[in-house]
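Just below is one structure, and these are the notes that go with it.
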């Protein structure tokens with residue numbers, strides 16, 4: 001007999017992970033299916049920001065900004081090890097679309113929409129004090145700037161935290177198990193047929209409700225429903241990673257087209273992006289165009305003349321497809337709102353949306369599902385911390401590694417006999433779930449050894465990823481359980497050590513181990529061109 005659930009969630013990006021977590025916390029029987037790895041699509045190829053969207057103020061999207069600011073505050077408290085305050089500098093120049101007075105007004109509105117509960121309020125910076133805050137920003141034509149606060153995140157691990165939370169609450173969460181078709185019976189969706197992407201086996205799964213959270217794959221997914229719309233007009237956003245340029249983040253306007261882009265500190269390097277171009281291609285094969293890379297380099301050099309960035313300075317690039325609603329306007333002005341569609345009874349489709357507001361979207365989806373199923377259960381995600389998020393220090397203090405965080409790291413190191421650098425890294429990455437890593441090390445002290453000299457990750461983290469974070473392939477580790485693929489060396493020196501740990505846990509033969517390592521090396525070699 002086919003297994004049966006209250007809710008089947010299709011797609012393991014941030015929206016699907018959020019829906020699965022919310023539904024499971026409300027006591028529903030949930031199954032989540034992802035055809036690749038969790039967050040392997042757009043949800044790991046973002047600008048790594050949880051932000052209110054200061055650039056949306058100019059378009060008058062005040063409701064969206066208010067909601068995003070509210071969700072940012074919730075995430076800073078629910079996952080302080082994954083979402084951290086980040087200061088931004090927003091400069092204005094003589095050729096900017098607006099001057100200091102309008103920028104000041106926009107900053108006050110931004111703080112007001114956050115109900116003045118952001119990490120800190122903005123402050124204005126004068127052009128005459130540029131040497132103190134500019135960090136190499138061009139002084140020519142500068143009229144002033146604003147310093148304001150948003151938040152940075154580890155997007156892939158934030159998705160994973162939601163998946164783990166769903167599983168801890170009783171959900172079945174499977175990656176590399178794709179939904180190949182909907183089960184349409186009597187004019188309604190009654191379940192799905194799934195396929196194991198590694199073994200090829202297929203199975204029928206019954207469900208009282210199905211929720212599609214497949215992002216940029218939505219239009220293609222809906223072709224199996226007669227008469228269903230194609231609600232999305234997808235756009236491509238590309239990023240580049242270069243050497244460390246600044247300590248703060250910068251919000252900048254491109255000179256060539258006026259688009260807002262970011263220069264962000266990330267992983268000891270600098271993340272630059274994003275572009276925003278119409279792209280109706282295959283989301284499985286989205287890659288940046290060379291013209292986008294050159295655009296980002298040129299615009300960064302325009303604002304930071306001393307950087308002198310060239311194509312050879314790019315250590316990694318990646319692109320993702322935005323699942324934007326088909327609304328009037330250009331790619332950059334298209335709405336970031338979402339819509340819930342029900343093209344056939346039993347199927348709810350999430351279309352559009354913004355990463356920062358995923359939790360609110362998930363709550364709306366599960367509210368709709370529970371109403372249809374006749375259930376009464378309140379949403380718990382406004383107050384429930386994500387796994388590892390129940391830390392004894394605050395979000396702002398974690399970001400600054402303040403006295404409470406340093407005290408916690410020192411106590412953790414002493415308790416488990418770890419070097420302070422390793423203890424700090426583990427708490428920084430896993431929050432309170434670093435205890436699970438320490439437990440593995442207590443059984444085998446060899447697991448406290450670093451994978452290689454260039455990265456902070458220890459062998460126990462790989463074992464933890466295999467046993468508790470559903471890593472199935474080496475690429476899962478290098479791209480999403482960690483971000484080693486984006487480092488200058490792309491983690492290449494750690495491939496053999498990681499492959500050996502995978503082989504020991506998975507029971508691979510030597511031939512399987514070597515083949516996996518070879519595939520991973522080939523993928524890492526191409527990281528300067530595109531992320532798989």
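The values are calculated or read from the model by the stated rules, or taken from the named source; none is laboratory data. Computed from a prediction, not measured in an experiment: that's the story for all the values here. A quick note on method: Cβ atoms are made from the backbone with ideal geometry, for glycine too, and the neighbour counts reach across all protein chains shown.
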Which numbered condition in (1) touching a helix residue (DSSP H, G or I) at 6+ places or on another chain (Cβ under 8 Å); (2) assigned to a strand (DSSP E or B); (3) over 23 Å from residue 250 (Cβ atoms) is the only one that residue 33 fails? (1)
Check whether at least one residue in region 50-68 is over 30 Å from residue 170 (Cβ atoms) and either in the same structural domain as residue 206 (by TED's automatic domain parsing) or in contact with a strand residue (DSSP E or B) (Cβ under 6 Å, 6 or more places away or on another chain) (or both), and report yes or no. yes
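Name every residue in region 353-369 that is touching a helix residue (DSSP H, G or I) at 6+ places or on another chain (Cβ under 8 Å) and not in a loop (DSSP other than H, G, I, E, B), in order of residue number. Outline the logic, then answer.
First, the residues of region 353-369 that are touching a helix residue (DSSP H, G or I) at 6+ places or on another chain (Cβ under 8 Å): 353-363, 365-366, 369.
Answer for region 353-369, where residues must be touching a helix residue (DSSP H, G or I) at 6+ places or on another chain (Cβ under 8 Å) and not in a loop (DSSP other than H, G, I, E, B): 355, 356, 357, 358, 359, 360, 361, 362, 363, 365, 366, 369.
Tell me whether region 398-409 contains one or more residues that are surrounded by 17 or more Cβ atoms within 10 Å (Cβ to Cβ), in contact with a strand residue (DSSP E or B) (Cβ under 8 Å, 6 or more places away or on another chain) and more than 30 Å from residue 23 (Cβ to Cβ).
Taking region 398-409 as the starting set, the residues that turn out to be surrounded by 17 or more Cβ atoms within 10 Å (Cβ to Cβ) are 398-399, 405, 408-409.
Now restrict to residues that are in contact with a strand residue (DSSP E or B) (Cβ under 8 Å, 6 or more places away or on another chain): 398-399.
Add one more test, that the residue is more than 30 Å from residue 23 (Cβ to Cβ), and what stays is 399.
Within region 398-409, one or more residues are surrounded by 17 or more Cβ atoms within 10 Å (Cβ to Cβ), in contact with a strand residue (DSSP E or B) (Cβ under 8 Å, 6 or more places away or on another chain) and more than 30 Å from residue 23 (Cβ to Cβ).
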I'd like to know if region 158-167 contains one or more residues that are touching a helix residue (DSSP H, G or I) at 6+ places or on another chain (Cβ under 9 Å), in contact (Cβ under 8 Å) with a residue 24 or more places away in the chain, part of a loop (DSSP other than H, G, I, E, B) and closer than 30 Å to residue 430 by Cα. no
Residues 104, 138, 73, 132: which one is assigned by TED's automatic domain parsing to the domain that holds residue 302 and either under 27 Å from residue 405 (Cα atoms) or part of a loop (DSSP other than H, G, I, E, B) (or both)? 138
May I ask you to verify whether residue 16 is at pLDDT 95 or above and part of a loop (DSSP other than H, G, I, E, B)? no
For region 244-275, which positions are under 17 Å from residue 152 (Cβ atoms), part of a loop (DSSP other than H, G, I, E, B) and touching a strand residue (DSSP E or B) at 6+ places or on another chain (Cβ under 7 Å)? 244, 245, 246, 247, 248, 274
So is residue 378 surrounded by 17 or more Cβ atoms within 10 Å (Cβ to Cβ) and either in contact with a helix residue (DSSP H, G or I) (Cβ under 8 Å, 6 or more places away or on another chain) or not in a helix (DSSP H, G or I) (or both) or not? no
The residue that is surrounded by the most Cβ atoms within 10 Å (Cβ to Cβ), considering only those in region 107-129 that are over 26 Å from the mean Cα position of the chain (by Cα) and part of a helix (DSSP H, G or I), is 127
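Table: residues versus (1) out of contact with any strand residue (DSSP E or B) (no Cβ under 7 Å at 6 or more places or on another chain); (2) more than 27 Å from residue 35 (Cα to Cα); (3) assigned to a helix (DSSP H, G or I); (4) at pLDDT 95 or above.
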site: 436; (1), (2), (3), (4): yes, yes, yes, yes
site: 502; (1), (2), (3), (4): yes, no, yes, yes
site: 519; (1), (2), (3), (4): yes, no, yes, yes
site: 524; (1), (2), (3), (4): yes, no, yes, no
Can we say residue 94 is out of contact with any helix residue (DSSP H, G or I) (no Cβ under 8 Å at 6 or more places or on another chain) and under 27 Å from residue 245 (Cβ atoms)? yes
Pick out the one residue from 219, 175 that is touching a residue at least 60 places away in the same chain (Cβ under 8 Å), in contact with a strand residue (DSSP E or B) (Cβ under 7 Å, 6 or more places away or on another chain), assigned by TED's automatic domain parsing to the domain that holds residue 23 and more than 14 Å from residue 346 (Cα to Cα). 175
Restricting to region 204-243, name every residue that is in a loop (DSSP other than H, G, I, E, B) and closer than 20 Å to residue 327 by Cα. 213, 214, 227, 228, 229, 230, 231, 233, 234
Give just the number: which of (1) surrounded by fewer than 18 Cβ atoms within 10 Å (Cβ to Cβ); (2) assigned to a loop (DSSP other than H, G, I, E, B); (3) outside the structural domain of residue 23 (by TED's automatic domain parsing) does residue 198 not satisfy? (3)
Among the residues of region 45-55, are any buried (at least 21 other Cβ atoms within 10 Å of the Cβ), modelled with pLDDT under 95, in contact with a helix residue (DSSP H, G or I) (Cβ under 9 Å, 6 or more places away or on another chain) and part of a helix (DSSP H, G or I)? yes
For residue 21, indicate whether it is at pLDDT 95 or above and either outside the structural domain of residue 241 (by TED's automatic domain parsing) or more than 18 Å from the chain's Cα centre (by Cα) (or both). yes
Determine if region 344-355 includes at least one residue that is farther than 22 Å from residue 39 by Cα, out of contact with any strand residue (DSSP E or B) (no Cβ under 6 Å at 6 or more places or on another chain) and surrounded by 21 or more Cβ atoms within 10 Å (Cβ to Cβ). no
Test residue 467 against the stated conditions and say whether it is outside any loop (DSSP other than H, G, I, E, B) and buried (at least 17 other Cβ atoms within 10 Å of the Cβ). no
